[in-house]
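Student: Just passing along the structure, written as structure tokens.
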């Protein structure tokens with residue numbers, strides 16, 4: 001029986017437009033979106049940040065060093081906030097599920113998101129409260145079973161009673177490897193169908 005549900009954030013609870021985020025940073029810094037993506041997001045730097053190795057200040061300082069230009073914290077927050085839009089249907093679904101199940105959210109992000117979630121995704125942060133987690137807080141990316149092996153016991157949950165909802169195949173694979181039950185998200189309707197199959201929704 002499913003007693004607990006762990007949600008991903010980007011492209012599950014929220015629509016995330018990564019290209020628009022790059023464009024906002026590019027406009028503010030004068031560095032091309034292609035270069036920003038290469039130096040920050042595909043170089044392995046962002047993946048490392050997701051494990052919690054950098055504080056927010058260290059993270060922004062390292063980005064400034066890599067791009068060769070100062071990084072304004074407020075601009076960086078705005079770039080994320082304006083391109084991370086909560087899905088009203090998912091917000092409603094989570095509100096419904098809160099009445100019968102214990103819920104939490106886990107997003108692959110560093111301390112920058114943890115420190116600024118109340119500004120970037122206030123609806124999501126308010127919805128989950130102190131059960132909104134970033135991978136940095138558990139010291140491991142969702143690309144590692146350690147992420148699930150650390151967080152789920154911390155929540156007081158059992159893995160075989162927990163459903164993990166994420167859109168990204170490698171994260172689903174690691175959760176499954178850790179012994180967590182999973183749903184690979186594609187649409188709200190398909191999620192609802194699976195929740196009904198589990199007896200979670202009427």
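The values are calculated or read from the model by the stated rules, or taken from the named source; none is laboratory data. Just so it is clear, the structure is predicted and the values come from calculations on it, not from any experiment. Here the Cβ is made from the backbone with ideal geometry for all residues, glycine too, and neighbour counts use every protein chain on show.
Each row is one residue, and each column tells you yes or no for (1) touching a residue at least 12 places away in the same chain (Cβ under 8 Å); (2) surrounded by fewer than 20 Cβ atoms within 10 Å (Cβ to Cβ); (3) within 27 Å of residue 148 (Cβ to Cβ); (4) not assigned by TED's automatic domain parsing to the domain that holds residue 128.
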{"site": "22", "(1), (2), (3), (4)": "yes, no, no, yes"}
{"site": "26", "(1), (2), (3), (4)": "no, yes, no, yes"}
{"site": "30", "(1), (2), (3), (4)": "yes, yes, no, yes"}
{"site": "35", "(1), (2), (3), (4)": "yes, yes, no, yes"}
{"site": "57", "(1), (2), (3), (4)": "no, yes, no, yes"}
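Student: To continue, here is another question. Would you call residue 51 within 24 Å of residue 133 (Cβ to Cβ) and surrounded by 17 or more Cβ atoms within 10 Å (Cβ to Cβ)?
Tutor: The answer is yes for residue 51.
Student: Residue 92 - would you say it is exposed (fewer than 14 other Cβ atoms within 10 Å of the Cβ), free of Cβ contacts under 8 Å to residues at least 12 places away in the same chain and farther than 15 Å from residue 134 by Cβ? Explain how you work it out, then say what you get.
Tutor: On the way: exposed (fewer than 14 other Cβ atoms within 10 Å of the Cβ): yes; free of Cβ contacts under 8 Å to residues at least 12 places away in the same chain: yes; farther than 15 Å from residue 134 by Cβ: yes.
Answer is yes for this residue.
Student: Being farther than 18 Å from residue 121 by Cβ, touching a residue at least 60 places away in the same chain (Cβ under 8 Å) and not assigned by TED's automatic domain parsing to the domain that holds residue 146 is the requirement here; does residue 52 meet it?
Tutor: Yes: the conditions hold for residue 52.
Student: If residue 194 satisfies all but one of (1) assigned to a helix (DSSP H, G or I); (2) over 26 Å from residue 52 (Cβ atoms); (3) out of contact with any strand residue (DSSP E or B) (no Cβ under 6 Å at 6 or more places or on another chain), what's the number of the condition it fails?
Tutor: (3)
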